[in-house]
Every structure is written in C-alpha cells, then in structure tokens.
Amino acid sequence: MTHFDHFNFNVLDLEKSLAFYREALNLSPVREKTAPDGSFRLVFLGDEAGSPFRLELTWLRDRREPYNLGECEFHLAFRTGDFDALYARHKAMGCVCFENPAMGVYFISDPDGYWIEIVPEKP
C-alpha cells in the first residue's frame, strides 16, 4: 500500500518562504534537515488540521538564479472552511494571481512563483 507523503518546492530565500507560508496558510515547520556542510536545508511544513501530508521547502546554498517553473501548469491545492476570510487575507497580502469565479476558486503565488489553489469546503 502507498499513500501521499509530501511535495517539494525549491526556494531561493528560505526565510522569506517560511514567512509567506506562515502568513498565507498558517503552515509551520514540523521537521527540518540541514546538510552537515550547509549546502542544503529542508523544511517540512504541516497544516493546522494535523494532516499527514507535508510541503517540503528545499533551499540550496549555491543556487542564485530563480527556478524555471515552465508554464506553471502544476499547482498545490488547499481546501478551507473559511474561504472568504482567507481570500481577504490573500488580497491584502497581494498574492492572489488568478481568480476563477465560475469555478469558485482562486490561486495565490508564493515568493518563487509557485501557484497554490484555494478551494472552498463543500457544504
């Protein structure tokens, strides 16, 4: 049997990304690993609900240029029971990058340009 464990985003500025995910989605570190030589750092983020799924942020010391995300035809999605309040928070943060009112969803963009879909809970 297999199950989802985590998904990875490579980031240029780990502290900026950690602050973004804390403010935007209330994610917090649950596990970290740093290479003995300092060449990389992995931080696994967990959600408020205690889901076993993790978002892994990978920082590479020698990386200088932004990551090529192609056409951004991939994304991570979060479901929320507080859709309107979260939308207002994201608008205030200036991170809403695409809205699809017909589908009732919107997307935010993190500091490295990764898209995250925000989906309301189904009644």
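The values are calculated or read from the model by the stated rules, or taken from the named source; none is laboratory data. What you see is a predicted model, and the numbers here were worked out from it, not measured in a lab. No Cβ is skipped: glycine too gets one built from the backbone with ideal geometry, and neighbour counts run over all protein chains shown. Protein only, heavy atoms only, side chains kept; ligands, DNA and RNA dropped before computing areas. Shrake-Rupley method; radii C 1.70, N 1.55, O 1.52, S 1.80 Å.
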Given the conditions (1) under 20 Å from Pro120 (Cα atoms); (2) open to solvent by 60 Å² or more (accessible area, probe 1.4 Å); (3) of a type outside the set (Ser, Thr, Tyr), which single one is not true for Arg61?
(1)
With respect to Phe20, is the statement that it is in contact with a His (Cβ under 8 Å, 6 or more places away or on another chain), among the aromatic types (Phe, Trp, Tyr), open to solvent by less than 70 Å² (accessible area, probe 1.4 Å) and touching a residue at least 24 places away in the same chain (Cβ under 8 Å) true?
no
Would you point out which residue out of Arg41, Arg79 is at pLDDT 95 or above, loosely packed, with under 14 Cβ neighbours inside 10 Å and either among the basic types (Lys, Arg) or in a strand (DSSP E or B) (or both)?
Arg79
Please work out which residue is farthest from the chain's Cα centre (by Cα), limiting yourself to segment 78-102 and to residues that are farther than 14 Å from Asn26 by Cα and of a type in the set (A, V, I, L, M).
Ala102
Taking the conditions exactly as written (over 24 Å from Val119 (Cβ atoms), among the acidic types (Asp, Glu) and out of contact with any helix residue (DSSP H, G or I) (no Cβ under 9 Å at 6 or more places or on another chain)), does Glu32 satisfy them or not?
yes
